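> Have a look at this one.
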Amino acid sequence: MPDIYLVIGGSGFVGRHIVQQLVERGDAVSVLDIVQRYHDVPFYSADITDQGQVAAALRLSGTTCIIHTASPPAALKLEDPDLYWRVNFGGTKAIIAAAVETGVRKLVYTSSAGVVFNGEDLIDIDERTSYPEKAMDAYTDSKAKAEAAVLAANGKDGLLTVALRPAGIFGPGDQQVMAGLYQVYERGQTHFQIGDNTNLFDWTYVGNVAAAHLLAADRLSDSPPAPVLDDLPEMPKSPAEVAPLTAEEEALVQYAVPPVNLTTGAHRVPTSAARPLGPYDTPPPNADAIVAAFNGPLSNDRPAMRTRFDALSDYAIARTKLYAPHTSPLQVAGQAFFITNGEPCYFWDFARLIWHHLDEVFPEKAKTRKANVFVLPKSLGLFAATGAEWWGWLTGKDPTFTKFKVTFTCARRWYNIEKARRVLGYEPKVGVEEGVRAMIDVCALNILNFFSLPTTPFSGGKRCMSRNIRLPLIRYNNYSIAVHTIFFFRTLVDLLRLLFKHGYKLSKNLHSLGNVSFCVAVRNSMPISNITMATVGSRFTHTWW
């Protein structure tokens, strides 16, 4: 029987893409959130920290599978980090309790790859990496505790749970990565770089993240490929005593997975049996077969080469079974999975890819961009960030340049997604470069639609790259133009009131910052009066994307 889905946080960035993919494949889906921005699926308004409200929504919707994506943004400047704990940890525990109360069978939790980040380099790490003793911030700490609670609830009264750890999510509708990089672009500061740009960093297109959630939900009820140790009459005492892999387990781990080459393309090494043929006086007798083998698809019948230190080696699987005898490391239920694009790139190269595509949209801005890069070493960056934090403490203002940001920017953070590819069946469908183009297209359409309403149609003006963007945008008509114009002037009036109320202090900030730069993303059913300007570096930190 098909599942009935409830996407908690379905009005948000990742949640909305999950809803879209569920709708596209014909599933029954509802959204639970505190703000309704879309009207294409049933909506339930509830506080996720209230078990009763969540349980009521589960009963009304008839939910059999929960996809929980709700979380405050990681980059919020909060005087009290308790919000993260109330929503991420407290809200997740309330959702688990409500699921058990109402008999929901599946729970897919959106965790974060940052739950294992401790400020040190993370190089090709897998799911065996433990949580750090001291988290970097309240966001990652609360997400780690919530993930642990979700995994611990697996099997409780029939509830099956799984946690996904996406890294560096970007794409159409993004409110963090794109907003920050656009502000740097608008200020003309793209020539500054912290660190030597040798640190590989994982980014993940939001459509790939959404697809991974659907795969996890679909395979959550699959039986383990071998009996779990708890079901055996006698518990093994060492990895050597654990039974060898079954044929079903070997089918999951023994074949060689192909490389991810969505952005780089495939580069095949010629061999004697498969190669392009140059000019020949007398071609070899099997010339056609040699060329066909080179141009054809790569064979996946090669075995996977492993050592005992590999996460999916026989020895490592046996150790994992002993550590968690109630589950199997080769089933979905009770497991955590890293989800990335499988294409780690240098941190600043990703930013420059975005700025390069912004140059195509704003050619006048591109002419003024500085070509020479000013490199600030990490050590000096940490020193400057320390000074900025001390100055913020003395003045009572939130510093915009912090040691955490320097550490994050210069760290190597890329993850091994082999477990997700083998157990979940996850494969990235959209590459990094294609994803950046899709994100820029939506960004450009929103900017130009706002500033050129009468001349820029929904399909894109001559300066926009027209593409099949899945994220719904507003199709402007005379009514919507009038409504959004009214909201714009209401926002302008609010700003003028602030100017009169805080005249000297605000004018001083604006003088130091230059002209206020702002962009807008008009979402369905989101009035512009609720979207306020992003004054770079000041206390106005609301996002327009």
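> Please give the per residue volume of the convex hull enclosing the alpha carbon atoms of region 341-401, rounded to a whole number of Å³.
Dividing the Cα hull volume of region 341-401 by its residue count gives 160 Å³.
> Using the per-residue mean of other Cβ atoms lying within 10 Å as a proxy for protection, in what order, highest first, do the peptides 16-23, 379-386, 364-371 fall?
16-23, 379-386, 364-371
> Still on this structure: Which loop-located GluC sites (Glu not before Pro) does region 49-123 contain, where loop means any DSSP state but H, G, I, E or B and the Cβ has at most 11 other Cβ atoms within 10 Å?
In loop regions of region 49-123 (DSSP not H, G, I, E or B), the sparsely surrounded GluC sites (Glu not before Pro) are GLU79, GLU120.
> Cα-based Rg (one decimal) and Dmax (whole number) for region 371-429, in Å?
Considering region 371-429 through its Cα atoms, Rg and Dmax are 18.5, 53 Å.
> Another one. What is the packing order of peptides 130-136, 438-444, taking the mean over residues of other C-beta atoms within 10 Å and listing the highest first?
Packing proxy ranking, top to bottom: 438-444, 130-136.
> Now for a different question. Going by average Cβ density within 10 Å per residue, which order do the peptides 173-180, 3-10 take, highest to lowest?
Result, highest mean Cβ count within 10 Å first: 3-10, 173-180.
> Given contacts defined as C-alpha pairs under 8 Å and at least six residues apart, what's the relative contact order of region 132-264, whole-number percent?
19 percent
> Please compute the length gained on full extension between LEU382 and ILE4, using 0.36 nm multiplied by the number of residues separating them and subtracting their Cα-Cα distance.
That pair, LEU382 and ILE4, stretches by 131.2 nm at full extension.
> A follow-up question, please. Subtract the Cα-Cα distance of TYR346 and ALA74 from 0.36 nm times their separation in residues, and report this length gain in nm to one decimal.
Once the chain is fully extended between TYR346 and ALA74, it gains 95.7 nm.
> List the residues of region 51-66 whose backbone N lies under 20 Å from a point placed 7 Å from the Cα of ALA152 along the Cα-to-Cβ direction.
51
> With r defined as the distance between the Cβ atoms of GLU241 and LEU298 and R0 fixed at 35 Å, what FRET efficiency is calculated, to the nearest 0.05?
So, using R0 = 35 Å, E works out to roughly 0.35.
> While we're here: What is the calculated FRET efficiency for TYR315 to GLU364, with r their C-beta to C-beta distance and R₀ = 60 Å, to the nearest 0.05?
Between TYR315 and GLU364 the formula returns 0.50.
> While we're on this one: How large is the Rg to Rh ratio of region 126-225 when both quantities use alpha carbon positions and Rh follows Kirkwood?
1.06
> On average over all directions, what projected area in square nanometres does region 260-357 have, based on the convex hull of its Cα atoms?
Result: 11.6 nm².
> Per the 1.4 Å probe, what fraction of the accessible area of region 74-139, in percent, lies on carbon and sulfur atoms?
Whole-percent figure for carbon plus sulfur exposure: 49.
> Regarding region 160-217, what's the average projected area of the Cα-atom convex hull, expressed in nm²? Let's see the in-between values first.
On the way: hull surface 21.9 nm².
Directional mean of the projected Cα hull area for region 160-217 stands at 5.5 nm².
The values are calculated or read from the model by the stated rules, or taken from the named source; none is laboratory data. Note that the structure is predicted; figures quoted are calculated from it, not measured. Glycine gets a Cβ as well: all are built from the backbone with ideal geometry, and neighbour counts include every protein chain shown. Heavy atoms of the whole protein, side chains included, go into the accessibility calculation; ligands, DNA and RNA do not. Shrake-Rupley method; radii C 1.70, N 1.55, O 1.52, S 1.80 Å.
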